[in-house]
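Written out below as structure tokens is the structure these notes cover.
Laboratory data are not the source of any read-out in this text; all were calculated from the coordinates shown. The model shown is predicted, which means the values in this text are computed figures rather than measured ones. Here the Cβ is made from the backbone with ideal geometry for all residues, glycine too, and neighbour counts use every protein chain on show.
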Amino acid sequence: MNREYRVLWLVCLLLAPVWSAVSPLLAADDAKEPEVISLTTKDGVGLKVTYYASSLGKQATPVILLADRKDSRSVYDNLAKRLQSPGKDDNHKSFAVLAVDLRGHGDSTKQSLPNGQTRQIDASKLGRKEVAAIVQFDMAAIRRFLVKKNDAGNLNLNRLSIVGAGLGASVAVNWAAIDWSFPPLAVGKQGQDVKALVLVSPKWTYQGLQLNQALRQPGVQQEIAFLIMYGKRDRRLVTDAKRIKKQLERYHPEPENPEPEKPNSLTFLTPDVGLQGTQFLTEAGRDAEDQIIQFLSFHVTDKDLEWTSRKHH
């Protein structure tokens, strides 16, 4: 080994520990800037979403963030950025995140009608028909977007997770039941993608959206991990949570020796507070984010879930 190579080799040895410490920070700094994207539903509603791309490609776990009624996707900005870009105190992998303004919320307030006119949608006036359309049409547009990202190798749709608060929680459960109702195809995979649901202040009935039938879907009962969070000062939510637990607990037995770093597939977090929905998440801050990230990492990201193309769709 000549002198120049010996010097280079020694420098590399000396810098190796420094690089090991710095490289995770560089990876976080290299995270792509969030991208605001416009989607259109089959019934003409323009949806605004923000996509936080992961650095892990086909290994990335996609997470859909659905806010409560009258809230916008911006309430999830901190959680989305942390999911996408683990900080120096985090040890989780980068997620691919899609924060959504459902119809009538945030920047998703216009619907193009067949007659060429434009209709304004007001979140405060959403009736049963509009709420049902969120599940049927809004979520279908979101899934089409994620299918394209999956087939481009940007994420693994087979790891799909959803965080929903209030209205978003009801939408998440009902759409997960639709997802798990798709029959298997001989030529490839369709549906059966949702593997975890984080439900913040879920209600048994929300503007006609009921959890009862959705929670009876076999795939939802048996294949999805549930993290349910709410403030236990609200008696109605406590009652609703007990009904949810009754539907699911036989499929998610408590381990004999539970470990904090290994949350059960049916986990309830119920601090003694009155705040609910996205206000609950905002007030809980980093503690709630820690619980969500740990849950999704253990039950989805760290599982061996195969990536498959969806080009047959």
Exercise for review: Could you work out the longest stretch of the chain that avoids the GluC sites (Glu not before Pro) located in DSSP loops with at most 16 other Cβ atoms within 10 Å?
Suggested key: 1-255
Point to revise | Using θ = phi - 60° and Karplus 6.51 cos²θ - 1.76 cosθ + 1.60, couplings along the range 90-102 (whole Hz; Gly, Pro as x) | key: 9, 10, 8, 7, 6, 9, 9, 10, 10, 8, 10, 8, 5
Study note, to complete from the structure: Helix-only [θ] at 222 nm, the chain, -39500 (n - 2.57) per DSSP H run of 4+, per residue, nearest 500, equals -10500 deg cm²/dmol
Check your understanding: Using 0.36 nm per residue, how much length does the chain from Ser55 to Arg243 gain when fully extended, once their Cα-Cα distance is taken away?
Key -> 63.8 nm
Exercise for review: Determine, at each q value in 0.11 (inverse angstroms), the log₁₀ of I(q)/I(0) that the Debye formula gives when each Cα of the chain is one equal point scatterer.
Suggested key: -0.68
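All other residues with a Cβ under 12 Å from the Cβ of Val135 taken together, and with Lys, Arg as +1 and Asp, Glu as -1, what is their net charge?
Residues close to Val135 contribute a combined charge of +1.
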Revision key, fill the gap. Per DSSP, the loop-located trypsin sites (Lys or Arg not before Pro) within the range 53-145 having at most 15 other beta carbons within 10 Å are Lys88
Review point. Please identify the trypsin sites (Lys or Arg not before Pro) of the range 230-313 that satisfy two criteria: DSSP loop assignment and at most 16 other Cβ atoms within 10 Å. Which are they?
Key: Lys232, Arg233, Lys303, Lys311
**Study point:** Among the listed pairs Lys42/Lys70; Lys88/Lys148; Lys110/Lys232, those beyond 28 Å (Cα-Cα)
**Key:** Lys88/Lys148; Lys110/Lys232
Point to revise | the chain - share of DSSP beta bridges that are antiparallel (%, nearest 5) | key: 45
Revision key, fill the gap. Measuring from the longest principal axis of the C-alpha atoms of the chain, the long axis of helix 235-248 (C-alpha) lies at a number of degrees, nearest 10, equal to 70
